[in-house]
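The structure appears below as structure tokens.
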Amino acid sequence: MMGRKDRRKKLSGIGLGHKTDGCPAEVVYGQRIKALDLLLIRLKRNGATLGILKLILILAGLLALGRVFSSNPTFSWGIFGFALTLFIAAAVIHESVIRKIGHFTAVKTINENEMKFLVHEFPETADAGIEFQNSNHSYTADLDIFGEKGLFRYVNRAVTAVGRRCLADWLQSPAGPGEVKIRQTAAAELAQKIDLRQNVASFGMDADNSSRKLDSLYQALDESFVILGKKWLRTFLLVWPMLTVAAAILITIKLSPLFFLFFVLIQSVLNKRFSKQVGHIYGLMSRSGKFLSAYSRVIGEIEAEDFHSEKLAQLKDRLSAGSQGASASIRKLSRLLEWFDARNGMLHVVFNNIFLWDLNCVCGIEKWRKQNAAHIPQWFDSIGEFEALAGLAALHFNNPGWAVPEIEAESFRLEAQNLGHPLIPENERVGSRVELGQKGKAPAAGSLAIVTGPNMAGKSTFLKSVGVNTVLAFAGAPVCAEGFVISPARLITSMKTSDSLDEHLSLFYAELQRLKMILDGLSRGEPVFFLIDEMLKGTNALDRQKGSVALLKQLTRRGANGIVATHDLELTKLENRDEWVKSGGPDPEGIQIANYHFDGYVEGDKLVFDYRLKQGICQSYNALLLMRNMGIDV
């Protein structure tokens, strides 16, 4: 039987090997698609030939059976046996070919999907992570992390429920500097293991993507033992079916059938006694054999690979826990559950009352659970982390020009060169240089960037670019920039705030809740990095100005760092130290406030924007021109 490493070596000969260094992603995917097309043509031709051969062998066997009562029955039986043997061999090979066709078809689809990702098109099968949306999260809703056009859909390569959950957690919960570095190293190594990543994704497609099935499995493994605690019952399950079969055989030598029926009756009574417990366990674990078999193949691919990075080596070690290792153990449970699913078959009543089928299946599951249940969480967590890393690795491979972020664990600092939004195509993306904070700055002081500019000039997109890349950096992914340095901080945004009929919140009160989230973080001593688009837009102009100035002073004095996009030029005066003191605040020692802007120019009756971030205060606005263009007399 060909091992996994041998199979990958063979794939290298048809253009699906590991050597991808230096080749553009679109070239690699294109070559793989062509090689897979040729391979699938050959496999389908072989499958058709085997199908014809099976039909010929069936006809030959039937003809041989028809001549059993001829003058030479021995020869006819020999032909029948030979045809049957060849048919079984052909059937086994044909089934293997069908599995390969399914696998390589899935791998081809994966490469075709990657070609779409390269041009910023989402494949229809790309998961948007809708179930992870949370309007109360500190940043995911504002930054469109989840949704049809969200970051999760662009990054995610996981096909199992555990992988999707893990990636969603990484995008919602920033990691510490040490963990970020470990993930970065692992993702960089995994980026070049394209066969491994795509094989795992292909095999994982057979796993039910519903997290409910995995939750039911966990619940079943937590159930109390039905059989293992009863030693007499374990012995009975082994001995009584053998006695029942023996009684059935003895009927042929004129033993009374009542003796056999007695053994069957006892089994029927016992099955009735435990029917409720058995039905409960079956309800939790039914039809999970295929689901677990897919996970077993996924784990087998990871177990067969050699890794150098700390994270990937740890994941592989965790999968080796247990007496047999994860893949062999889960494959065994998969077979047990497939046997258990015989409850749905027409002959279940017969098997169950002769072999105590259900109880023996439950006994086997309980033995497996006793040996392996403690390892199940770390096995599935390892699969989830591997799939999450595969998503980060795909970003590495598809975007070799993206920077690996530096996490600077001293005083707050954000510095980025040619920063862009990862979901904007490269030919449309305009990069920005960002600097906030500096080395050695007093930790009690905050840094603030105030960005002004006309409508549609790029302020909101800039804030989202900063936010989304910060999320990627803290997840351990590469970022859409030529260089990126950031310090650990809790990211909090207030950008797409709206009133809520469900929660009976006005726009203004909803904004205050987001701003209070920043103040609460500071009260807990957390380093906070905030992004705010148009502060206090739910109230009148005078209150908005006074409230915004007061809040920004309070935030920066307490050490918060952030970026505010606004149309309110009053806020830009905060850059002037004299104005700050004149407005009633102490001299902001250590506090850094700088003005930036986007602008545009008029060309005919149209506004044209270059979407470039510039220093200073914006001097051009477009509201009146837009109103005129709509026919409003201003």
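Residues 117, 146: which one is closer than 27 Å to residue 462 by Cα, under 18 Å from the mean Cα position of the chain (by Cα) and part of a loop (DSSP other than H, G, I, E, B)?
The match here is 146.
Considering only the range 295-314, how many residues are part of a helix (DSSP H, G or I), without any contact (Cβ under 8 Å) to a residue 60 or more places away in the chain and of a type in the set (Asp, Glu)?
So in the range 295-314, the residues part of a helix (DSSP H, G or I) come out as 295-303, 310-314.
Narrowing the set further to residues that are without any contact (Cβ under 8 Å) to a residue 60 or more places away in the chain leaves 296, 303, 313-314.
Right, trim to of a type in the set (Asp, Glu) and you get 303.
Residues meeting the conditions: 1.
Given the criteria outside any helix (DSSP H, G or I), in contact with a Gly (Cβ under 9 Å, 6 or more places away or on another chain) and small (Gly, Ala, Ser), does residue 76 qualify?
no
Using the structure shown, decide if residue 414 is over 22 Å from residue 119 (Cα atoms) and buried (at least 18 other Cβ atoms within 10 Å of the Cβ). Reasoning before the result, please.
Details: over 22 Å from residue 119 (Cα atoms): yes; buried (at least 18 other Cβ atoms within 10 Å of the Cβ): yes.
Spelling it out, residue 414 is indeed over 22 Å from residue 119 (Cα atoms) and buried (at least 18 other Cβ atoms within 10 Å of the Cβ).
Go through (1) surrounded by fewer than 17 Cβ atoms within 10 Å (Cβ to Cβ); (2) of a type in the set (A, V, I, L, M); (3) under 27 Å from residue 206 (Cβ atoms) and name the single condition residue 43 misses.
(1)
Is at least one residue of the range 2-11 surrounded by 14 or more Cβ atoms within 10 Å (Cβ to Cβ), at pLDDT 90 or above and touching a helix residue (DSSP H, G or I) at 6+ places or on another chain (Cβ under 6 Å)?
No, every residue in the range 2-11 fails to be surrounded by 14 or more Cβ atoms within 10 Å (Cβ to Cβ), at pLDDT 90 or above and touching a helix residue (DSSP H, G or I) at 6+ places or on another chain (Cβ under 6 Å).
Of the numbered conditions (1) under 27 Å from residue 514 (Cβ atoms); (2) modelled with pLDDT under 95, residue 100 fails exactly one; give the number of that condition.
Failing condition for residue 100: (1).
Can you tell me which residues in the range 315-350 are crowded, with 17+ Cβ neighbours inside 10 Å, of a type outside the set (D, E, K, R), assigned to a helix (DSSP H, G or I) and out of contact with any Cys (no Cβ under 7 Å at 6 or more places or on another chain)?
The answer is 315, 319, 326, 327, 329, 330, 333, 334, 337.
Can you tell me which residue is nearest to residue 300 (Cα to Cα) among those in the range 329-345 that are out of contact with any Gly (no Cβ under 9 Å at 6 or more places or on another chain) and of a type in the set (A, V, I, L, M)?
Going through the qualifying residues, I end up with 330.
Could you go through the range 609-618 and let me know if any residue there is surrounded by 12 or more Cβ atoms within 10 Å (Cβ to Cβ), hydrophobic (A, V, I, L, M, F, W, C) and at pLDDT 85 or above.
Checked the range 609-618: at least one residue is surrounded by 12 or more Cβ atoms within 10 Å (Cβ to Cβ), hydrophobic (A, V, I, L, M, F, W, C) and at pLDDT 85 or above.
Looking at the range 112-153 only, could you name the residues that are over 30 Å from residue 511 (Cβ atoms) and touching a Leu at 6+ places or on another chain (Cβ under 7 Å)?
120
Of these, 270, 284, which one is touching a Ser or Thr at 6+ places or on another chain (Cβ under 8 Å), surrounded by fewer than 20 Cβ atoms within 10 Å (Cβ to Cβ) and assigned by TED's automatic domain parsing to the domain that holds residue 332?
284
The values are calculated or read from the model by the stated rules, or taken from the named source; none is laboratory data. No experiment lies behind these values; they were computed from the predicted model shown. Neighbour counts run over all protein chains shown; Cβ positions are idealised from the backbone, glycine included.
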